[in-house]
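The values are calculated or read from the model by the stated rules, or taken from the named source; none is laboratory data. Please read these numbers as outputs of a predicted model, since none were measured by experiment. All Cβ positions, glycine included, derive from the backbone under ideal geometry; neighbour counts span all protein chains shown. These accessible areas exclude ligands, DNA and RNA; they are computed on the full protein's heavy atoms, side chains included. Shrake-Rupley method; radii C 1.70, N 1.55, O 1.52, S 1.80 Å.
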Amino acid sequence: MELKNDLILRAARGEKTERTPVWLMRQAGRILPEYRAVRSSVSGFIELAQTPELAAEVTIQPVDLLGVDAAIIFSDILVVPEAMGLPYKMVEKKGPWFPETVKSAADLKKLSVADVESDLGYVLEAIKITKKELNGRVPLIGFAGAPWTIFCYMIEGHGSKTFSNARKILYTDPQMAQQLLQMITDTTITYLKAQIAAGADMVQVFDSWAGILPDDHYETFALSYIRQICDAITEVPITVFAKGAYGARKAIGQLNCNTVGLDWNMDIQESRQLIGANKTLQGNLDPAVLYADFATVEAKTKTMLDTFGPDRHIANLGHGVYPDIDPEKVKCFIETVKSYSPGLRK
Ligand code: CP3
């Protein structure tokens, strides 16, 4: 299938683009009333994610309604622990909750490296349907959580400000931590490869809880596993988004990845220096800017574009779009990127 718009793939590979491509993390779901309508037709998030036709429908909504340059498959990072033997629930207004968690090395015996085709076949099916329905309009992004972030949920069982139980294990039973992280990594590599085989045009690894680790732990318990993933994924461009990993930016720049995601607190020029000229950077408007008036959204987006410059940039927010943002503000962000991209003025 020939892609009609492959801006994001070309930007990821470091090729010149007529303008900066743009998409939003967490664009599928959360903000669109059209998403909530589909979601309320089923029992909740999990049923929606496990129904490939509906998952495909909400994946494509932001392409039609917002005009983004890529779709991201509607799923969640937590399907990986579930496929390894740790099911989760999505509690309304509270977020994910795991009835069972990993407490000791003995619990690892109940888990296994997932059989992706059978345990996550519904995601692969959703990717195939989405690709067909997109009909080459824009590329489709596949994704997975980074092993450290998945480990956090498997140990803690729910969201947390500190993930102190997960961090405790790194000091009390580092061997068990390494074992579990390796199982997650092995599952993730097979899972991303299966997403690519099903049709994903690029993939992103989300390390949402990178920022809570000190630098030495980040290298040992997080980056070393991301490195394995980047070395294994050679088929399509891969993006690493490690939120809050300030001290690791230089090392992330040396990974076998094409794109590095920046959060909104990462200084753009400093990050470019640390990461080097050979990576594409993605980001990084403060998601809270979209609460401001239209003129401010436009002005802040223009400043961001000017700071990144015309090449090797994929415009995005510095983290996922917040659920209570007005979709019109999101459109303003997207339209500003499309009309103001530095590449247009070269
Ligand atoms: O556009 C997309 O990115 C859609 C696919 C997607 C979802 N979750 C759907 C979802 C992606 C890429 C994710 C990633 C994800 N999930 C991350 C990493 C990115 C980040 O934001 O840091 C994390 C940490 C999770 C875990 C998770 N899933 C939480 C904490 C929650 C509850 C809070 C919330 O609303 O995001 C979820 C639920 C979830 N995942 C929803 C969606 C659309 C909301 C469920 C609903 O419809 O109520």
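May I ask for the net charge around VAL102, where only other residues with Cβ less than 10 Å from the Cβ of VAL102 are counted and Lys, Arg are +1 while Asp, Glu are -1?
-1
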Inset, instruction - Above 40 angstrom, tally the Cα pairs of the chain and express them as a % of all pairs, no decimals. - result: 7 percent
Inset, instruction - Starting with the highest mean, order 245-256, 98-109 by the number of other Cβ atoms within 10 Å, averaged over the residues of each peptide. - result: 245-256, 98-109
Inset, instruction - Mind running the shape call on the stretch 119-200? Use the C-alpha gyration tensor, a ≥ b ≥ c as the square roots of the eigenvalues: rounded below 1.5 for a/c, prolate if a/b tops b/c, oblate otherwise. - result: prolate
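Expressed as a rounded percentage, what relative contact order does the chain have, with Cα pairs under 8 Å and six or more residues apart?
Values: 663 pairs, mean separation 78.1, N = 346.
Taking the mean separation of contacting Cα pairs over the length of the chain, I get 23 percent.
With contacts defined as alpha carbon pairs under 8 Å and 6 or more residues apart, what's the relative contact order of the stretch 10-112 in percent? Intermediate values should be presented prior to the final figure.
On the way: 92 pairs, mean separation 21.2, N = 103.
Taking the mean separation of contacting Cα pairs over the length of the stretch 10-112, I get 21 percent.
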Legend entry - Cα-based reach from LYS250 at 18 Å (exclusive), listing aspartates and glutamates while leaving out same-chain residues under 8 positions away: ASP207, ASP215, ASP216, GLU219, ASP231, ASP263, ASP267, GLU270
Legend entry - Taking the stretch 77-136 and dividing mean pair separation by its residue count, relative contact order in percent (alpha carbons under 8 Å, at least six apart): 30 percent
Legend entry - the stretch 1-143, accessible area per residue, ligands and nucleic acids excluded (1.4 Å, Å²): 44 Å²
Inset, instruction - May I ask you to list the residues of the stretch 164-201 whose amide nitrogen lies under 19 Å from a point 7 Å from Cα along the Cα→beta-carbon direction of LYS132? - result: 195-201
Legend entry - Evaluated over the stretch 171-244, the Cα radius of gyration and Dmax, each in Å: 13.1, 41
Legend entry - Carbon plus sulfur fraction of accessible area for the chain, probe 1.4 Å, in percent: 50 percent
Inset, instruction - Label the stretch 65-133 by shape, choosing from rounded, prolate and oblate, from the square roots a ≥ b ≥ c of the eigenvalues of the Cα gyration tensor; if a/c is under 1.5 it is rounded, and otherwise prolate applies when a/b is larger than b/c, oblate when it is not. - result: oblate
Inset, instruction - Measure nothing fancy, just the Cα-based angle from helix 327-340's long axis to the longest principal axis of the chain, in degrees from 0 to 90, nearest 10. - result: 60 degrees
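Averaged per residue, what accessible surface does the stretch 154-285 expose to a 1.4 Å probe, in Å²?
Working: 5000 Å² over 132 residues.
Spelled out: the 1.4 Å probe surface of the stretch 154-285, per residue, equals 38 Å².
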Inset, instruction - Compute the long axis of helix 294-308 from its Cα atoms, compare it with the longest principal axis of the Cα atoms of the chain, and write down the angle in degrees, 0 to 90, nearest 10. - result: 80 degrees
Inset, instruction - Show which lysines lie in cross-link reach of LYS161 when reach means a straight Cα distance below 22 angstrom and same-chain residues fewer than eight apart are skipped. - result: LYS89, LYS93, LYS94, LYS103, LYS243
Legend entry - Over the chain: helical MRE at 222 nm, DSSP H runs n ≥ 4 each giving -39500 (n - 2.57), nearest 500: -13500 deg cm²/dmol
Legend entry - Debye equation applied to the C-alpha atoms of the stretch 4-70, log10 I(q)/I(0) at 0.23 Å⁻¹: -0.93
Inset, instruction - Specify the angular offset, from 0 to 90 degrees and rounded to the nearest 10, of the alpha carbon long axis of helix 52-66 from the longest principal axis of the alpha carbons in the chain. - result: 30 degrees
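Can you tell me what share of the DSSP beta bridges in the chain is antiparallel? A percent to the nearest 5 is fine. Please report the intermediate quantities before stating the final value.
Numbers: 4 of 28 bridges.
In the chain, DSSP labels about 15 percent of beta bridges as antiparallel.
Would you mind counting up the charge near VAL138? Only other residues with Cβ under 12 Å from its Cβ, with Lys and Arg at +1 and Asp and Glu at -1. Show your work: numbers first, answer last.
Working: positive: LYS4, LYS131, ARG137; negative: ASP6, ASP64, ASP69, GLU133, ASP201.
Local net charge: -2.
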